[in-house]
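The next block holds one structure in the form of structure tokens; read it before the comments.
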Amino acid sequence: MDVVALALDQHQVVAARQLGVSQRQIGSWLRRGLIHRVHKGVYAVGTPVLAREGWWMAAVLAAGPGAVLSHRAAAVLHGLLKYAGPSIEVTAPRRREIPGLITYESDLAPDEVTLVDGIPVTTAARTIIDCTAVCNERALGHALNQLELRQLYDPTGLQVLMERHRGRRGI
């Protein structure tokens, strides 16, 4: 496993499960300063200083397989909002308590997930659906305006997702 190449593809972070090495080897790398713990089982390679995208990718990796960036953090990644707040939000098939993160549990449909800059994230339309439950009207209005201005239309549109998720908070 080329750890450096993997880290470069993932904004400087890797999950232990991706490395194929023993915990003893990971401990050795930690002691030597080659990697730095970001979350349990997630490490920054080479430097503990991460860009925003590195923190987002680390959050997705920490939340486990099938996890994606969601809610306000996803809105910032899509360019729908400028500020997500101090916590990163992720959605995964199984919710885990992770210090410093807000986690949600949901089995996302394949048409509700995409990649932006290599980061698994909810689609722009699904992000709007999630934001209805956590954003105030002003922020939601801004996000909807940006969705239109940026022409971030998904194959599964906002109307379809609103119908699919009828009854959810905010819809």
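Leu101 sits with roughly 20 Å² accessible to a 1.4 Å probe, with DNA, RNA and ligands left out of the calculation. Surface calculation, 1.4 Å probe, protein heavy atoms: Ile171 sits at approximately 70 Å² accessible. Electrostatic tally near Arg72: other residues with Cβ closer than 14 Å to its Cβ, Lys and Arg +1, Asp and Glu -1, net +2. Highest mean packing comes first when the peptides 147-157, 126-136, 59-69 are listed by Cβ atoms within 10 Å, giving 59-69, 126-136, 147-157. Net charge of the neighbourhood of Met162, taken over other residues with C-beta under 15 Å away and scored Lys/Arg +1, Asp/Glu -1, is 0.
Counting pairs of alpha carbon atoms under 8 Å apart in space and at least six apart in sequence, what relative contact order in percent does the chain give? Walk me through the intermediate numbers first.
Details: 279 pairs, mean separation 28.5, N = 171.
Dividing the mean separation by the residue count of the chain yields 17 percent.
Relative contact order of segment 92-171, please, whole-number percent, based on alpha carbon pairs below 8 angstrom and at least 6 residues apart.
Numbers: 67 pairs, mean separation 20.7, N = 80.
Relative contact order comes out at 26 percent.
Dipole size of segment 71-121 about its Cα centre, with +1 on Lys/Arg Cβ and -1 on Asp/Glu Cβ: approximately 200 debye, rounded to the nearest 20.
Rounded to the nearest 500, what is the chain's calculated 222 nm mean residue ellipticity when only DSSP H runs of at least 4 contribute -39500 (n - 2.57) each, over all residues? Walk me through the numbers before you get to the answer.
Details: 8 runs with 68 residues, N = 171.
Here the helix-only value at 222 nm equals -11000 deg cm²/dmol.
The charge dipole of segment 72-162, taken about the Cα centre with unit charges on the Cβ atoms of Lys, Arg (+1) and Asp, Glu (-1), comes to about 240 debye, rounded to the nearest 20. Remark: C-alpha extents of the chain on the principal axes read 51, 27, 27 Å, sorted largest to smallest.
Taking the Cα centre of segment 1-122 as reference, the dipole from Cβ charges on Lys and Arg (+1) and Asp and Glu (-1) amounts to some 640 debye.
Among residues other than Leu140 with Cβ under 12 Å from its Cβ, the summed charge is 0 (Lys and Arg +1, Asp and Glu -1).
Test of the criteria: in segment 64-121, which trypsin sites (Lys or Arg not before Pro) are in a DSSP loop and have at most 13 other Cβ atoms within 10 angstrom of their Cβ?
Lys82, Arg94
When segment 86-171 is described by a simple charge dipole with +1 on each Lys and Arg Cβ and -1 on each Asp and Glu Cβ, the residue from Gln151, Val134, Pro93 located farthest towards its positive end is Val134. Among Pro48, Gln10, Gln25, which residue has its Cα furthest toward the positive end of the charge dipole of segment 1-96, with +1 on Lys/Arg Cβ and -1 on Asp/Glu Cβ? In segment 1-96, that residue is Gln25.
The values are calculated or read from the model by the stated rules, or taken from the named source; none is laboratory data. No experiment lies behind these values; they were computed from the predicted model shown. Note that we place each Cβ from the backbone using ideal geometry, even for glycine, and neighbour counts take in every protein chain shown. In case anyone asks, the SASA skips ligands and DNA or RNA and just uses the protein heavy atoms, side chains included. Shrake-Rupley method; radii C 1.70, N 1.55, O 1.52, S 1.80 Å.
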